[in-house]
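The values are calculated or read from the model by the stated rules, or taken from the named source; none is laboratory data. Everything numeric in this text was worked out from a predicted model, so none of it was measured. A quick note on method: Cβ atoms are made from the backbone with ideal geometry, for glycine too, and the neighbour counts reach across all protein chains shown. We work out accessible area using only protein heavy atoms, side chains counted, and drop any ligands, DNA or RNA first. Shrake-Rupley method; radii C 1.70, N 1.55, O 1.52, S 1.80 Å.
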Amino acid sequence: MTDRARILLFLLVPLALVAGVVLAVRGTAFGMGNDYVLRVQLTAVDTAPPLPEVGGDGRLPLVVIDPGHGGHDPGASGENVVEKRLVLALAQTLRDTLERENIARVALTRDDDRYLLHTERYEIARRLNADLFISIHADSAGESSEVTGASVYTLSNDASSEAARRFAERENASDRLNGIEIGTTSDAVSDILVDLSQRRTQEESALFASMIRRAGEGQIQFHPQARRSAALKVLRAPDVPSVLFESGYITNVDEAQRLSSEEGRTRFAEVMVRSIRSYFARQR
């Protein structure tokens, strides 16, 4: 091999290696770009989701139970606990108990791991002409793992506390994807609907919330601020009494384990059943 050939080989081999690395990195980057695109199946515009199955005696009042979050939206998370799965299990236990005791007909807004917009959730209750709407959640206290206790929310344009306002912001934000609002009704329109129509059901919602509080006394642990209100989108049905039940804080290990256990789900269902029975007894 001549000196000139050796020099060319010395120069070309590193260049070839660099070119190969660049091509490999570009290919990987393009693949990563495709893998990291979040794709979510949304309901078509002006197309309402199918109505869920309604179980129970047709002569009884109807309760629509809404397990929060689902699908791409896991909700809060704790140690080995994810909100969307925990609240679905709570909702299913409550449904089964209500039907078994023949207290009410029941429909779940979701009975699997799928996502619904807030408007779709309460519109299911409206389309079914429900007598009561209960949205079930489990909160996170961030780094404050000692925070514990259940709370009950009703709708209000003015939050009952700064903590309630922040909670509403977090919950309402689940209708945003990559910063874009994917709901169909503007907050301005919703506020008008609340002002004109929701007043008729606010008293009933507040009554039912107080019944939950009384039924759970000594049975489940409540947060020191157990009764709260905030501008929660999921409670905006103007003609169906609605509450959001915050079952506890899953960032608290003991509470998360309790809510995830069969005993915890049964205790939750018993409290809710007593309050629902009392509420409908008053309506007769």
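Which of the residues that make up region 230-241 are open to solvent by 10 Å² or more (accessible area, probe 1.4 Å) and outside any loop (DSSP other than H, G, I, E, B)?
K233
Please verify whether region 137-150 includes one or more residues that are at pLDDT below 80 and surrounded by fewer than 17 Cβ atoms within 10 Å (Cβ to Cβ).
Scanning region 137-150, I find at least one residue that is at pLDDT below 80 and surrounded by fewer than 17 Cβ atoms within 10 Å (Cβ to Cβ), so the answer is yes.
Report those strands (runs of 3 or more DSSP E) wholly inside region 47-160 carrying at least 1 residues which are within 27 Å of A206 (Cβ to Cβ) and in contact with a Phe, Trp or Tyr (Cβ under 7 Å, 6 or more places away or on another chain).
By residue number, 62-67, 132-139, 150-155.
Residue under question is Q198, and the condition is that it be in contact with a Leu (Cβ under 7 Å, 6 or more places away or on another chain) and at pLDDT below 95; does it hold?
Spelling it out, Q198 is indeed in contact with a Leu (Cβ under 7 Å, 6 or more places away or on another chain) and at pLDDT below 95.
Criterion first (more than 12 Å from the chain's Cα centre (by Cα) and either at pLDDT 95 or above or buried (at least 23 other Cβ atoms within 10 Å of the Cβ) (or both)) does R105 satisfy it?
Answer is yes for this residue.
Select from region 207-227 the residues that are out of contact with any Pro (no Cβ under 9 Å at 6 or more places or on another chain) and assigned to a helix (DSSP H, G or I) and write down the one among them that is surrounded by the most Cβ atoms within 10 Å (Cβ to Cβ).
I212
Could you list, in sequence order, the residues of region 242-252 that are polar (S, T, N, Q) and either open to solvent by 20 Å² or more (accessible area, probe 1.4 Å) or in contact with a Ser or Thr (Cβ under 8 Å, 6 or more places away or on another chain) (or both)?
Answer for region 242-252, where residues must be polar (S, T, N, Q) and either open to solvent by 20 Å² or more (accessible area, probe 1.4 Å) or in contact with a Ser or Thr (Cβ under 8 Å, 6 or more places away or on another chain) (or both): S242, T251, N252.
Given the criterion assigned to a helix (DSSP H, G or I), touching a Leu at 6+ places or on another chain (Cβ under 7 Å) and in contact (Cβ under 8 Å) with a residue 12 or more places away in the chain, identify the matching residue among A256, A269.
A269
I'm trying to understand the selection: among the residues of region 272-284, which are of a type in the set (D, E, K, R) and either crowded, with 17+ Cβ neighbours inside 10 Å or in a helix (DSSP H, G or I) (or both)?
Listed by number, the residues that qualify are R274, R277, R282.
Just to be sure I understand the filter: pairs with C-beta atoms under 7 Å, separated by 6 or more residues or on different chains, first member in region 108-135 and more than 30 Å from A281 (Cβ to Cβ) and polar (S, T, N, Q), second member modelled with pLDDT under 95 and surrounded by fewer than 19 Cβ atoms within 10 Å (Cβ to Cβ). Which pairs pass?
T119/G183; T119/T184; T119/T185
Against the condition surrounded by 10 or more Cβ atoms within 10 Å (Cβ to Cβ) and either at pLDDT 95 or above or part of a helix (DSSP H, G or I) (or both), how does G33 come out, does it pass?
Taking the combined requirement at face value, the residue does not satisfy it.
Take E162 and tell me if it is within 23 Å of G75 (Cα to Cα), modelled with pLDDT of 75 or more and either among the basic types (K, R) or open to solvent by 60 Å² or more (accessible area, probe 1.4 Å) (or both).
For E162, the condition - within 23 Å of G75 (Cα to Cα), modelled with pLDDT of 75 or more and either among the basic types (K, R) or open to solvent by 60 Å² or more (accessible area, probe 1.4 Å) (or both) - is met.
Restricting attention to region 253-269, and to residues there that are open to solvent by less than 80 Å² (accessible area, probe 1.4 Å) and not polar (S, T, N, Q), which single residue is farthest from A76 (Cα to Cα)?
If we take residues in region 253-269 being open to solvent by less than 80 Å² (accessible area, probe 1.4 Å) and not polar (S, T, N, Q), then A269 is farthest from A76 (Cα to Cα).
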